[in-house]
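I have placed the structure first, in the form of structure tokens, so that the comments after it can refer back to it.
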Amino acid sequence: MAIPRRDRVLIAICLIVITALAWACLIRLDRLMSQAMEYDTAMAAMGMTLDASWTVSDALVACLMWLVMMVGMMTAAAAPVLHLFAATAAGRHERGMPASVLTFGFGYVAVWTGFSVCAALAQWGLHQAAMLSSTMKTSSPVLAGGILVAAGAYQLMPVKSACLAHCRSPLGFLMGHWRDGAIGAFQMGVRHGAYCVGCCWALNCVLFVVGVMNLVWVAALSAFVLLEKIGPAGTIVARVAGAALVLAGLFLIGGEGLNIGML
């Protein structure tokens, strides 16, 4: 059963607004961080020593930054399953169908919130180890190469393929994991979010190589994730990208080894 046109339009508008707000926040954060870096550079030029250690507030801001970034990147990819969930709920005459779509979305975001916390903790650790540059990318070519190799290898693993298959087949996911009621909708959102994180977490770690707030790369990865999940050859694209990441990582590691050997 198709959902009413009004509901389809409402869901589409909500997804567009959420994505637009997330990107507006990212652009604003990028400007604020650029201003902060300029201030730090000016203070350093004046010979003033700045405390580079993170506070709890810094960690919370980093968590929020990652979450907003994930919302901006993943909302479009989640649109097909949300529309199909709404249609299925309408077909089953679920009471409070529009609210259940929102509940499904909360479950999906909850899982990405967990990923955002882990990513912020990793960023904190790299910062404390002085392995993160002012542009928020790893300053070690070997570590950067290792991240790329790991991300590329994951793209080629069966677990990646399994998670991608669930993301590419929202109907199969809903048929296999349907739960009634608001709690069921939240549980399905969490489960689908888990598959989505399982599909994309390694790709998102590439941001530690190119710059956590490099918005050009954030947009590129968003487009790639969308291509993986709804493109006609998403599985092949994922594997080709995996091989390319492994080669790029080995090139970085090999180049660093060559530089050391020449010293």
Probe 1.4 Å, all protein chains present, accessible-area order of 11, 183, largest first
183, 11
Per its Cα gyration tensor (rounded if a/c is under 1.5, else prolate when a/b beats b/c, else oblate), segment 110-263 is best filed as prolate
Counting only heavy atoms of the protein chains, get the accessible area per residue of segment 113-263 (1.4 Å probe) and round it to a whole Å² value.
47 Å²
For segment 107-154, report the convex hull volume of the alpha-carbon atoms normalised per residue, in Å³, without decimals.
85 Å³
So, over other residues within a Cβ distance under 12 Å of residue 164, counting Lys, Arg +1 and Asp, Glu -1, the net charge is +3
Under 14 Å from the Cβ of residue 246, count the other residues' Cβ atoms, weight Lys and Arg +1, Asp and Glu -1, and hand me the total.
+2
Compactness relative to 2.2 N^0.38 Å, alpha carbon Rg of segment 166-221
1.48
Specify the angular offset, from 0 to 90 degrees and rounded to the nearest 10, of the alpha carbon long axis of helix 158-168 from the longest principal axis of the alpha carbons in the chain.
50 degrees
Whole-number D in µm² s⁻¹ for the chain, Kirkwood Cα-pair radius fed into Stokes-Einstein, 10 °C, 1.306 mPa s
79 µm²/s
Contact order normalised by length for segment 53-208, with contacts defined as Cα pairs under 8 Å and 6 or more residues apart; what percent is it?
35 percent
Helix-only [θ]222 nm of the chain, DSSP H runs n ≥ 4, -39500 (n - 2.57) each, per residue, nearest 500
-28500 deg cm²/dmol
For segment 218-234, in residue order, the Karplus 3J(HN,Hα) values (coefficients 6.51, -1.76, 1.60; θ = phi - 60°; whole Hz; Gly and Pro = x) are 4, 5, 5, 5, 4, 5, 5, 4, 5, 5, 4, 8, 10, x, x, 10, x
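The values are calculated or read from the model by the stated rules, or taken from the named source; none is laboratory data. The structure presented is a predicted model; accordingly, all values stated were derived computationally and were not measured. With ideal geometry, Cβ positions are generated from the backbone for all residues, glycine too; neighbour counts draw on all protein chains shown. Ligands, DNA and RNA are excluded from the accessible area calculation, which covers all protein heavy atoms including side chains. Shrake-Rupley method; radii C 1.70, N 1.55, O 1.52, S 1.80 Å.
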